[in-house]
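The values are calculated or read from the model by the stated rules, or taken from the named source; none is laboratory data. Small disclaimer: the values here were computed from a predicted structure and weren't measured. Backbone-built Cβ (ideal geometry, glycine too); neighbour counts: all protein chains shown.
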């Protein structure tokens, strides 16, 4: 059996998630916002693996694989959107998208 | 044995938190990506100490190896200006490397220490082997695997479409 207490793993996952959320809210660079989302997904994965290893089941690691697939899909679409936006506006400032025209 | 794994867990967790804090506070995107790689490697060591070696390997291969490379490609595509060389020289001045190098050397020392000192059974007797994970993936979680494949196909089509429209939009502008 594993020797790491589940609470420590969950706390580490929570810290990583909170840091990613702080980066998401504080930064205005779209690329760094995507990086922060990756950090948040990573924190959720840490929590899943910690909880899965607490009960000795493989389910937590299976869930991490699904998070991995979701992160890959999200980052590919997000980066394509970011490139489109940069070619149109020549900037990566998230505050410059504050007007919506239909 | 117990203490060894716990100390390794806390050291790697501390490296992960420090690298993440530095990653979300960097002004230059490439520096943030360097710290992000260190953070992902530290989380991989955390997975190893939790008895999940397959997930640790996937973290290194897919997160640090594929997803961060996508970010680096985008940074390279965005900096096609005249000032590219000066910017490159400024970015790779050497001082920016110190932080990530120190943190990843800590991780390397920790991994070497674990390999040398911990008994081989530490990794072998991990709670779920890759075989168990594969059986779970293609047994009760088969529907999830199919859905993930469809999600990835959708992301592929979406990224292709967005890339195509952005190219035609640039041509129209010129």
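Worth a mention:
- All of (1) under 30 Å from residue B:135 (Cβ atoms); (2) in contact with a helix residue (DSSP H, G or I) (Cβ under 8 Å, 6 or more places away or on another chain); (3) at pLDDT below 90 hold for residue A:55 with one exception: (2).
- For the stretch A:1-26, a tally of residues being buried (at least 19 other Cβ atoms within 10 Å of the Cβ) and within 9 Å of chain B (Cβ to nearest Cβ) returns 8.
- Hits in the stretch B:102-139 - residues which are modelled with pLDDT under 75 and loosely packed, with under 11 Cβ neighbours inside 10 Å: B:119, B:120, B:121, B:124
- If you go through the stretch B:1-48 and pick out every residue that is within 8 Å of chain A (Cβ to nearest Cβ) and under 17 Å from the mean Cα position of the chain (by Cα), you end up with 16.
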